[in-house]
Every structure is written in structure tokens, then in C-alpha cells.
Amino acid sequence: MAKCFKRNMMVRGLALAAMVTVLLGGLCATPAAAANGMLKIGVLEEPKSLNLWLATDAWSKRVLSLINEPLFIREPKSNELVPWLAAGKPVYDAGKMTYTVKLKKAKWSDGSDFTAADVIFTGQLINKFRMPRHRSKWSFIERVVAVDKHTVRFELKRPKAIFLSRTLTTPIVQKKQWEKIVASAQGAEKPLTVILRHKLTNPIGTGPFVVSKWQKGVFVFMKANPHFFGRGQTISGHKLGPHIKGIIFKVYGTADAAILALRKGAIDFYWNSIQAGYLEQLKDDKDIKLFVSNKSGLYYLGFNLRKEPFDDVALRRAVATLVSKEFIIKRILQGYGEVLHSMIPPGNSFYYNPDVPKYGYGKSMDERMKLAYNILREAGYTWETPPVNANGEVVRGEGIRLPDGSPMKEFTILTPPADYDPHRAMSGQMIQEWLRAAGMPAVSRPMAFGALIQKVKGQHDFDAFILGYGKLSLDPGYLRAFFHSRYNKPRGYNMSGYESAAYDALSNESNNAMDPKLRQEMIFQMQAMLMAAVPYVPLYNPKVIEGVRIDRFTGWVPMLGGVGNIWSLCQIKAK
């Protein structure tokens, strides 16, 4: 019996080793591994949750984006919304304030039909339980009605511009799976908490892949969904598969380990932006291609307009003039970024206003100093030693005084620490030096990220800060949230304290504009108003640098945000 037990254990051990080898591959992997039809993707962390309503981290979202699908998604080249689960464009009835959407005859990954009932259930679930991060996209929906099995009509309480860009891009969940979970929450003291804490291991979806196995801390294996509606279809000129058998998300924990795995061939794609320091190791490898893509990101210097000295627009304009964004891009980001002049990045081409003020752009440091000096002098500022002397020469300024004659007090620029974000920390140091050269007593101070947010957003106890958004929505509704006076409150989105009745009125109007062209004009005006007032100085938008092995797979699709997207994963093929 002992011998049989040992023999069985040996067989089981060999079988397990074979499975792990097939799933994960080894450091000595060869191009033949692609013949298995398995794409191996390196990630730094595993998903926090497969519960769509709880998942907020990037790693969970990447897995779930291949499972739970929306009615419309962004097309790679134009960023325009195109039908996905929808069968065509929404039909608007202005008189009744309704949108009618026909649905594709798709199936869920369990083989059951995707119908209007699933769309209706998703909306009801969001509104009834006030789902975090989703409620604002559905609160203005009076109801959703099934016209027939594959047609839904959205009846709006009031006009809302985000219906097209946010409501229709909400992932849809399966009624059959989720109504059981909702039923278990009914009667609970905190039903939303019950729903959010539900541990979902097998989410049913309409997407191209489904989770097959998840070994905590090691890998997530997703196999191709045989019921995926897009298989063999052409959407916006893209012939969809998927043409691979599955995806293995291998968790590495550190960028060093993931980059080494990419170089050795243990993974085919590292799904994270590669820091400039690793590029020398990769750029000469003929089997690795580096894709450099724009992001929808915004990194900026913010001011506290509620108190001196940044309650003065002249000072804010002078600071904006002194900041050399080109230097930050060249020296700190090592060329992998774009200069920002507006709160909307250029990649959001429909809403980006290219004609806002570009303070000091293209000027030398001496030219910037002279421009800033003139702005401040005309506003009544004086110095013990002006930064521009009587001969028009730039010197180091000392002892700046406010228009009322009082010395400018030392002020602090808060930044995240270098180990959290070296770019923002180093930018703070450089801005400190530029402002000190103009005679301003600026001090750059790194602070733990959580504490920084508490001081800036919670307490409003700050002078200036450098923060950023790595993935802004392509819908520009955030402009209203960031600068409307109603959000100038503790923990509100208006961290700068900017208030303007004219801006409030325009942002309210844009928020309700159903005509995209009319809304575009309003968003252009809002950008111009903001850059005249300068509550924030937009600094830079980092590039996304991604590495893929081109000796294994072909067919990657670049778009805003990088090649790690659903279009790529539906189109890549083994060589």
C-alpha cells in the first residue's frame, strides 16, 4: 500500500508540474511556446477582487475588462464611441427625452442569451444600491424599458451629457448570476456592503475571455470564451477573434523581475508602463518591440486660492511662466512625456482646446524670468534685489514683497515622496529653484501620499502641491467637478478653492448639453477661463512605454493608453 501511495503521489506531482509548465512557461521558453496559443502577460499584482462593483485597482479592472462588457467602447484611432454589445447607434427622441438602443444577439459565457433584461437589471442594481463610482452615471435615468428581447429604451429624468460617454460605457452584468447575490443581501442591515463583499470567483461575462484558474499570488489563467459574440466579426475595421486559446497573467511583484522575464522569454507582454531606466536593457533586443503611446493623464501644480499669496492671479500667472515644462519633460521624464497647457490632454482631441494661454512656452529661462518679473512688477510686487536689474540683466532675486509692502512668507510645495513618484518629487525640487531665483521663498516638501491628500483635499491646509491623474476619463465632466464652487468643501474635488459664478454657470450648462458639438464649444470656453485664472498649472502627461515580444505574437493595436487593450487581445495571433 505504501508503494502505491508513493507511486500515486509521484504521478500527481508530475501532472501538477506539467500543468504549471504549460501555464506559466519557464525562463528558457522558446517561440514554440506560442504554438500552445497561450499569451503570457506579466503583471505586478494580482486582482484584488473579481466582483465588478468592488474592484477599483488597475489589476482587477484589466481582468474584468475582458469579461464584463459595455454597450459601447472607444475605437482605437479616433477614440469615438462605437457599438460593442449594442447593434447600432442610439436613437434619440428629444421630445420624449429617450434613447433607444438595439442589442446584438450575444451570449453569456455560460451559453445563455444576453438580453434587454440584463441591461435593465444592471441599471436597477446601480440605482437601487447607489453603487459607488457608477451611481452618478445612472441617477438621472428614470427607467429602462425592454421594447423587445433585444431592444432597450432609456427614459431620462433630465438632460445629461454623460449619458452617451459614461452610462452607455458601463459594464453589463448577468441578471441570472447577480439576482441571486442581490437576493441574499435583501433584509441585511447594510445590503450594499453584503453585495460589495461577495466573493465572486467565476464572473459570467460576454467578453472574449473567462477566468479558468486563479492561483493566489502566482497567476490568473483566462481561457477564450467560446460564446464571445465578436468572434469572426469586423467592428470598425477590426477583425476580431480571439485567435489565442487563453491568457496567463503571471504575477511578478517587482518591475525588475517582470523585465527580466520579458527579456528571457518567460512572458510575451509586460502590462505596465516601463520606466526609462529599463529601456537600455530592452531597446536593442530584436525580439522585443517597445510601443510608446500617449495617455489620458494630467500631472499638475495646484495652488490654494483661499489664502495668500496664491489668492492673487498675477502671482499664479508668474509662477506658470517660470515653470519650464520642457525641462521637466527632457530631464526628468527623459523625453517620454508631452507638455500640457490645458486641463484636458491633447490626446482627447475632440475636447482639447489648443488655443489657451501657454505661459512662457518656448522661451529661455532668462526670457521667462523677464516675463514673470514684468507680470509681478505691474501687479505691485517689489524686491530687495529684483531678478532683473536696471540694465535688463537677469540676476538672482531676493526679498520679494507683496503689493501691500509686506514680505512674502515662506510657502511650501507638497509632493509625493520620490519612492512613490520620482517625477513629481523631482519636479517639485526644480520648481522650488526656479521660484527662488525670482526671489520667492519656496520650499518643496515630499510627504507620504495619504497624508498629502488629507492636507490638500481634507483639511485645505496647504500652499501649493503637485498631484496627478494617470487615467482621466475621455468625458470632460471632471472639469466641472474639479473647479465648480459647490465642490469647494472638505474632501470635495475642488482642491484649489477656485470660485467663479460665470464658470459655475457654464459648467452646469455643459453638464446638461445633449448636443456633442455644442458641449465641445462650452468645454473649450471652460478651458480658456481656467487657464486665464490658473488655479492649476498643467505640467506634463507621461508616455506609456510597453514591451512585447514580436517573435511570438503579432497584431497589437496601439491606442490612447497603450497596446494593453481589448482590441489587441481580440486580434493578436501566434506567429
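The distance linking region 100-178 with region 62-82 is 15 Å (Cα centroid to Cα centroid, whole angstrom). When the C-alpha to C-alpha distance is required to be over 18 Å, the pairs from 105/245; 137/199; 216/250; 330/543; 455/489; 40/295 that qualify are 105/245; 137/199; 40/295. Summing charges over all other residues whose Cβ lies under 10 Å from the Cβ of residue 551, with Lys and Arg as +1 and Asp and Glu as -1, gives +2. With both labels modelled 7 Å from their Cα along Cα-to-Cβ, the residue 110 to residue 489 distance reads 4.2 nm. Between helix 365-378 and the chain there is an angle of about 60 degrees, using the helix long axis and the longest principal axis of the Cα atoms.
Relative to the longest principal axis of the Cα atoms of the chain, the long axis of helix 116-129 lies at roughly 50 degrees. Ranked by how many other Cβ atoms sit within 10 Å of their own Cβ, fewest first, the residues 487, 352 fall in the order 487, 352. When 169, 193, 254 are arranged by Cβ crowding within 10 Å, least crowded first, meaning fewest neighbours, the order is 254, 193, 169. Between the amide H of residue 557 and those of 568, distances stay under 5 Å, these residues lying 5 or more places away or on another chain, with hydrogens modeled in the peptide plane.
Extension gain, residue 292-residue 471: 0.36 nm per intervening residue step, less the Cα-Cα distance, totals 62.8 nm.
Relative to the longest principal axis of the Cα atoms of the chain, the long axis of helix 313-322 makes an angle of roughly 70 degrees. Here are some values of percent of Cα pairs over 29 Å apart: [x] 53; [y] 58; [z] 61. Which one was computed from this structure? It is the value labelled [z]. The phi-based Karplus calculation (6.51 cos²θ - 1.76 cosθ + 1.60; θ = phi - 60°) puts the 3J(HN,Hα) values of region 435-442 at 6, 5, 5, 8, x, 8, x, 8 Hz, whole numbers, x for Gly and Pro.
Report the one residue of 168, 87, 114 whose Cα lies farthest in the direction of the positive end of the charge dipole of region 72-176 (charges on C-beta: Lys and Arg +1, Asp and Glu -1; origin at the Cα centre). Sorting the options by dipole projection puts first 168. Put simply, the amide H of residue 87, placed in the peptide plane, has neighbours under 5 Å in 102, 103, 104, leaving out anything fewer than 5 places away on its chain.
Read-outs throughout are calculated quantities, based only on the coordinates presented, and are distinct from any laboratory measurement. Remember, it's a predicted structure, so these values are computed and weren't measured experimentally. Ideal geometry is used to build each Cβ from the backbone, glycine not excepted, and the neighbour counts take in all protein chains shown.
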